[in-house]
Structure formats: C-alpha cells, structure tokens
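Presented below is the structure to which this report refers.
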Amino acid sequence: MTGAFLAGLVAGYGVAIPVGAIAVLILGLTARTSFRVGAAGALGVATADGLYAAVAALAGAAVAGVVAPVAGPLRAAAAAVLLALAAHGAWRALRPVPVTAARTRRGLDTPLRAFGGILALTLLNPATVVYFAALVLGRGDAADPTRSTAALFVLGAFVASASWQLLIAGGGTLVGRVLTGPRGRRATALTSSAIIAALALTTLLTT
C-alpha cells in the first residue's frame, strides 16, 4: 500500500519537475496577478496529472494504445493554444489596461479561469497518460491493481504534482514582489510570453 503511494509520488515529480511551457505560464501568471490565481492554475495542472494517473492505473495499456495515433494532433493543438496565450500576454503587456478598467479581469486572471484554462491545456498533453501508463505497467501489481492500490498511486501523483506546481506559483509571487513597478511587470510578461512561444514552437516542430 505504501509502495503504491511512493510510486505515485515519484511518478508525479517525474512528470512535474521538468520545466515546460505550463510551468512558465504559472510563474508569469502569478507574478502578474496574485498567488491565489497562480495556485489555482497549479491545482489545475495537478488535477490533470491526477486524472491521467487514474486512467493509467485503471486501463493503462488500452488508453496508451488509443492515445498514440492522435498524439501528434493533440500536441499541435496544445502548441496553438500556448502560442495564443503568449501572443495575448505580450499584447496586454504592450497595451496596458486603462486605469478605469483595471479591475476588469480577463483571460486566466481569476482563480476559476486559471484552474479551468490550465487544466484544459494540461489535458492536451497525451504524453502524460502514456508516461503514467508505462510506469503502472512496469510495476509488479499492474496486472491486477486493486482499488486501494490505484487510489494511493493517484493520490501520490496528485500530491507530488500539486506541491511542485505550488512551489512554482510561490516563485512567481516572489518575482511579482521584486518587480512591482509597471516596467518590471511588463518585462516579466514579455519574457514569459517569449519563453512560452519558444516552447510552443518546439512542441509544434516535434509533432
């Protein structure tokens, strides 16, 4: 039982720690808005990882086989969404919202929108379910997993992903405190958009 939870932790950190476009998005989003918004986005990532871990634990081999043929189009869709987010972020940085409309939040600038938007974007990554499926199938109890074993594996993956993404959101809070002025915020937003666009293009070119 404990082994399944630890396996989930290791798997969760394995998929969460490599810094990609989503991590940069959360970092920049937190620096631009607040920790609440960034934390909501972080939990969106963790929820997606938990869902994929659950699917892999319950039907890893079958799902991996279904996902493989459409992996390319899904990666292309994810890259397109990331490019759109990067363009939107750069546009907002170069054309600041007027003071009279500063309280009107759009895009991912609220906790609920950040959670839903980043959850949906993370779910577009088919490599995650294949990754979890490979790990589950490699375990000794993968042939006939019990509900408790699967639940502990999923819980471990969720806890690992959530803790790491929340750490990234916390880093975004520190960046936001350091760059409190309009120029600092603009520089952060433009840098984040440039990195996200580069990562999205890399994803698109590998499809």
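Enumerate the pairs (first residue in the stretch 3-22 and over 20 Å from LEU201 (Cα atoms) and without any contact (Cβ under 8 Å) to a residue 12 or more places away in the chain; second residue anywhere and outside any helix (DSSP H, G or I) and among the charged types (D, E, K, R)) with beta-carbon separation below 9 Å, excluding pairs fewer than 6 apart on the same chain, so at least 6 apart or on different chains.
GLY3/ARG139; GLY3/ASP141
Write out, first by first residue and then by second, each pair whose Cβ atoms fall under 6 Å of each other, whose residues are 6+ apart or on separate chains, and whose first residue, in the stretch 148-173, is touching a residue at least 24 places away in the same chain (Cβ under 8 Å) and at negative phi while the second is open to solvent by less than 60 Å² (accessible area, probe 1.4 Å) and of a type in the set (D, E, K, R).
What qualifies is THR149/ASP141; ALA157/ASP49; SER161/ASP49.
Assess whether GLY176 counts as being in a helix (DSSP H, G or I), at pLDDT below 85, crowded, with 21+ Cβ neighbours inside 10 Å and out of contact with any Asp or Glu (no Cβ under 7 Å at 6 or more places or on another chain).
It is true that GLY176 is in a helix (DSSP H, G or I), at pLDDT below 85, crowded, with 21+ Cβ neighbours inside 10 Å and out of contact with any Asp or Glu (no Cβ under 7 Å at 6 or more places or on another chain).
Tell me which residues, restricted to the stretch 105-114, are among the small types (Gly, Ala, Ser) and modelled with pLDDT under 80.
GLY107
May I ask you to list the residues in the stretch 50-84 that are modelled with pLDDT of 70 or more, over 18 Å from LEU205 (Cβ atoms) and buried (at least 20 other Cβ atoms within 10 Å of the Cβ)?
Within the stretch 50-84, GLY50, TYR52, ALA53, VAL55, ALA56, ALA57 meet the criteria.
So that you can scan it fast, the table gives a plain yes or no per residue for (1) at pLDDT below 90; (2) charged (D, E, K, R); (3) open to solvent by less than 50 Å² (accessible area, probe 1.4 Å):
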residue	(1), (2), (3)
GLY116	no, no, yes
LEU121	yes, no, yes
LEU124	yes, no, yes
THR128	yes, no, yes
LEU137	yes, no, no
ALA142	yes, no, yes
GLY156	no, no, yes
LEU167	no, no, no
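Determine, yes or no, whether GLY41 is part of a helix (DSSP H, G or I), closer than 28 Å to LEU152 by Cα and at pLDDT below 85.
Details: part of a helix (DSSP H, G or I): yes; closer than 28 Å to LEU152 by Cα: yes; at pLDDT below 85: no.
No; evaluated as a whole, the condition is false for this residue.
The values are calculated or read from the model by the stated rules, or taken from the named source; none is laboratory data. The model shown is predicted, which means the values in this text are computed figures rather than measured ones. A quick note on method: Cβ atoms are made from the backbone with ideal geometry, for glycine too, and the neighbour counts reach across all protein chains shown. Side chains included, ligands, DNA and RNA excluded: accessible areas come from the protein's heavy atoms. Shrake-Rupley method; radii C 1.70, N 1.55, O 1.52, S 1.80 Å.
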